[in-house]
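Below you'll find the structure, written out as structure tokens, and then a few comments.
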Amino acid sequence: MCYMRNIFILTLNDNNNYGNRLQNYAMKFILEKYGSVFTVRTDAYCLSVLNFVKHLLKNVFSYVGVNLLRFFSLKKQRQWIFAKFTQDYVPDDLVFASPLTGLKAEFPLTNADLLVLGSDQIWNPTGNTIGTLKFRLGMFNPNMRRISYAASLGQSYIPDAYVAVFKNGLAEIEHISVREYAGKDSLQKLTDKTVSVVLDPTLMVSADKWLEFTRDFVPDNDRYVLTYFLGRPSDEQEYDIQKYAKAHGCRVRRMLDLRDEETYVAGPQDFVELFSKAQYVFTDSYHACCFSILFHKQFTVFNRAGMNGKSNMNSRMETLFRLFDLDSVMMDSGLAPEIDYEKVDHLLEENRRKSQNWLDKAMEG
């Protein structure tokens, strides 16, 4: 096989998002066997600021009564940890891209270079302009070879206004893979190329490899139930969490929750360690499910407030549960049935093999 010398990852550069930073690390890791890998710095860093503002406004009522200076101090501390993680593990200071300038590097580019689009919700039309989406499809550099790995739309359909952009962008991508079946179905209608579903890159990295960069954030004798919610649990769901913790002699550690300042400042490496040592996990997050699976954790996925029943599963969860036969972990309240990890491990190895085979073929050139 003849592999390219330079491989450039175009993803979302978000120093506020655990899943984003960890998938970026995993993408770099799985691509390094093919050549020198670089994460592209984009001019979309302002999105991190926008995400922060959205987070603040979305949770403004939660911050009533909380010392806002303390909140900003904790937020700054966590962002510093994220920035250090990026610098140490997925540095993006050698390659830059923008819609206006194309891709620029601190070293010569060659005809053998490859642009890898993904993972994460790089193709989500919501919040993206037509111009930004063209950029995320790699259309700023038509002469460079492109593939996508586990790219995500983040939703189950493509608005009419974006159909032409996707159709033109997909025509220039040599090999197309996505993270969700809903995304595959939507994109397959717009191209005569085969659109494949592959594993999220975080699932392509072994649990042992993930543990190599943890930093003793969690004492070995700490018994805790871990919660990681992007929404906010209902009163009934909170009761279930407290009930489980009390019954099993655990405290509750809460990520992304100002009630738990100790855990709030956790960085991406600490996210991994927190999941690896948890007694149980309650969540509504896709990547929390991924790391629970990797570390063989029993977990329950709660529907977010205002959503009921498995029919409301987002496409990411739907694909993940379909791949690992885990539909039963999604609950409105209560505790999910025990997970058979012998079966899950078998499915994980099978899906890793399929995803690796797809990547090997896509990387040939």
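The values are calculated or read from the model by the stated rules, or taken from the named source; none is laboratory data. As the structure is a computational prediction, the values presented were derived from the model and not from experiment. A quick note on method: Cβ atoms are made from the backbone with ideal geometry, for glycine too, and the neighbour counts reach across all protein chains shown. Ligands, DNA and RNA are stripped out before the accessible areas are found, and what is left, the full protein with its side chains, is counted by its heavy atoms. Shrake-Rupley method; radii C 1.70, N 1.55, O 1.52, S 1.80 Å.
Taking the criterion of being closer than 15 Å to A278 by Cβ and acidic (D, E), the residues of the stretch 215-256 that qualify are D220, D222.
Could we say that Q79 is open to solvent by 30 Å² or more (accessible area, probe 1.4 Å), touching a residue at least 12 places away in the same chain (Cβ under 8 Å) and assigned to a helix (DSSP H, G or I) here? It is true that Q79 is open to solvent by 30 Å² or more (accessible area, probe 1.4 Å), touching a residue at least 12 places away in the same chain (Cβ under 8 Å) and assigned to a helix (DSSP H, G or I).
Total residues in the stretch 155-186 satisfying the condition of being free of Cβ contacts under 8 Å to residues at least 40 places away in the same chain, open to solvent by less than 60 Å² (accessible area, probe 1.4 Å) and of a type in the set (S, T, N, Q): the figure is 1.
Listed residues S119, S98; which is buried (at least 18 other Cβ atoms within 10 Å of the Cβ), small (G, A, S), in contact with a Phe, Trp or Tyr (Cβ under 8 Å, 6 or more places away or on another chain) and at pLDDT 90 or above? After ruling out the rest, the residue left standing is S119. The set of residues in the stretch 300-313 being within 12 Å of L230 (Cβ to Cβ) and either modelled with pLDDT of 95 or more or outside any loop (DSSP other than H, G, I, E, B) (or both) consists of V301, F302.
Taking the criterion of being at pLDDT below 95 and touching a strand residue (DSSP E or B) at 6+ places or on another chain (Cβ under 7 Å), the only residue of the stretch 216-254 that qualifies is P233. When N51, N59 are checked against the criterion of being at pLDDT below 90 and closer than 29 Å to R215 by Cα, a single residue qualifies: N51.
Restricting D240, D260, D235 to residues that are in contact with a Leu (Cβ under 7 Å, 6 or more places away or on another chain) and surrounded by fewer than 20 Cβ atoms within 10 Å (Cβ to Cβ) narrows the list to D240.
Conditions tested, residue by residue: (1) in a helix (DSSP H, G or I); (2) open to solvent by 20 Å² or more (accessible area, probe 1.4 Å).
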| position | (1), (2) |
| --- | --- |
| R316 | yes, yes |
| L320 | yes, no |
| L323 | yes, yes |
| A336 | no, no |
| K343 | yes, yes |
| H346 | yes, yes |
| E350 | yes, yes |
| R353 | yes, yes |
| N357 | yes, yes |
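When the stretch 91-138 is examined, which residues are found to be in contact with a Leu (Cβ under 9 Å, 6 or more places away or on another chain), of a type in the set (D, E) and in contact (Cβ under 8 Å) with a residue 60 or more places away in the chain? Matches in the stretch 91-138: D113, D120. Considered as a group, the residues in the stretch 137-173 that are among the hydroxyl-bearing types (S, T, Y) and outside any strand (DSSP E or B) include one that is nearest to the chain's Cα centre (by Cα), and that residue is S152. Annotation: of all residues in the stretch 187-210 being assigned to a helix (DSSP H, G or I) and in contact with a helix residue (DSSP H, G or I) (Cβ under 8 Å, 6 or more places away or on another chain), the one that is surrounded by the most Cβ atoms within 10 Å (Cβ to Cβ) is P201.
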